[in-house]
Amino acid sequence: MTSAEPARDLKLKSAARFLLVSLGLAFLVGLTGGTALAWGPPAHRLVNNWAVETLPPEIRGFFAANRQFLIDHANDPAEWMKKDRYERKRHYLYLDKYGMFPYLDLPHSFQRAVEKFGSGRINRDGVLPWQIGEYSLRLTNSLKAQNWPEARLNAAVLAHYVADAHDPLHTTSNYDGQLTGQTGLASRFGLSLIERYQGFFIFRPIPAAKIDDPTEYAFQAVLEANTWVNQIVLFDRRAVEDFRDFNDDYFDRFYSQAGSIVVREINAAAYDAGSYWYTAWLNAGRPALPNR
């Protein structure tokens, strides 16, 4: 055996291991219906928790008293996907299906978008911003009706969709890195980085502000998040260089490059969730909220 043969064997074994991991992840993606959702439960719980800190005194008491409820139900929409086959489309928008940034071919009016592209394509490529607009209205109506149990659930669910709008991988058809040979990216970016490093996250609460157009505001959030997609894909590819698998060294390297994006977008999601809650209360006529 020549000295080159052990090195060649090691490369073959590493390639085989990588192929098996990729096939396994692809199989899991297939089981979940073809769309791996990036932000995992820890991210959504952080957003709902931090959003309370953005609220003005007039409404903070109600949301603070229900903080644990908001955290506990932060991932309800993800659970709904297990029973409702139509739920998945409400968590993403494949902007790259509509040309180049800033994707001017896609109307922000749902009616006009359907007229232009057809309901089949619009539903297939995602309806996230419109879902945020819909749930903003639902929260407004439940607050106006003073239906407090319904209001707190609508608030938790609305914040989930708002957080999804701030996940860059919810804005691209390459949502799991599957188009660039990086299958599993969604979990590595949106779940593992947060589980491993959330103790280092710093939250800087900014006072919630009124949102003039909930649907249009959601589109702007999705567009902003989309600007990070290429960097995340690049950072993941760089991070795994020289490693046989996604080990601790890989995650340390990936976090050193992409961690600032995670923290930035979760902070922005918390601010926006609080602003949507505040806006719903204003649009409901500023009802007096119970402190429970």
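Every number here is computed from the coordinates shown, using simple stated rules; none is lab data. As the structure is a computational prediction, the values presented were derived from the model and not from experiment. When we count neighbours, we look across all protein chains shown, and the Cβ atoms used for this are built from the backbone with ideal geometry, even at glycine.
For the stretch 47-63, putting each phi into the Karplus relation 6.51 cos²θ - 1.76 cosθ + 1.60 with θ = phi - 60° gives couplings of 4, 5, 5, 5, 4, 4, 6, 8, 7, x, x, 4, 10, 5, x, 5, 6 Hz, in residue order, rounded to whole numbers and with x for Gly and Pro. The candidate values are (i) 38, 22, 16; (ii) 42, 26, 18; (iii) 87, 16, 13; the one derived from this structure for semi-axes √(5λ) of the Cα gyration tensor in Å carries the label (i). Pairs of Cα atoms nearer than 8 Å and 6+ residues apart set the relative contact order; for the stretch 33-283 it is 33 percent. Tell me whether the stretch 177-220 comes out rounded, prolate or oblate; compute the Cα gyration tensor, take square roots of the eigenvalues as a ≥ b ≥ c, and use a/c under 1.5 as the rounded threshold. Taking the square roots of the gyration eigenvalues as a ≥ b ≥ c, the stretch 177-220 is oblate. Of the residues 209, 43, 114, the one whose Cα sits farthest toward the positive end of the charge dipole of the chain, with +1 on the Cβ of Lys and Arg and -1 on the Cβ of Asp and Glu, is 114. Summarising the label geometry, the points placed 7 Å from Cα in the beta-carbon direction at residue 58 and residue 204 lie 2.7 nm from one another. The GluC sites (Glu not before Pro) found in the stretch 131-202 include none that occupy coil by DSSP while having at most 16 further C-beta atoms within 10 Å. Classify the stretch 105-200 from the C-alpha gyration tensor, please: rounded if a/c falls under 1.5, else prolate or oblate depending on whether a/b exceeds b/c. It is oblate, given that a/c is not under 1.5 and a/b is not larger than b/c. Each label point was placed 7 Å from the Cα along the Cα-to-Cβ direction; for residue 119 and residue 216 their separation is 2.7 nm. Between residue 79 and residue 252, the contour length at 0.36 nm per residue exceeds the Cα-Cα span by 59.3 nm. Which stretch or stretches of the stretch 272-292 have amide N atoms under 19 Å from the point lying 7 Å from residue 145's Cα along the Cα→Cβ direction? Those under the cut-off are 277, 280-290. Say we join alpha carbon atoms closer than 10 Å with springs in a Gaussian network model of the chain; which of 44, 108, 160 then has the biggest fluctuation? Evaluated over the chain, the most mobile residue of the options is 108. Counted residue by residue at 0.36 nm each, then reduced by the alpha carbon distance between them, the extension gain from residue 224 to residue 195 reaches 8.0 nm.
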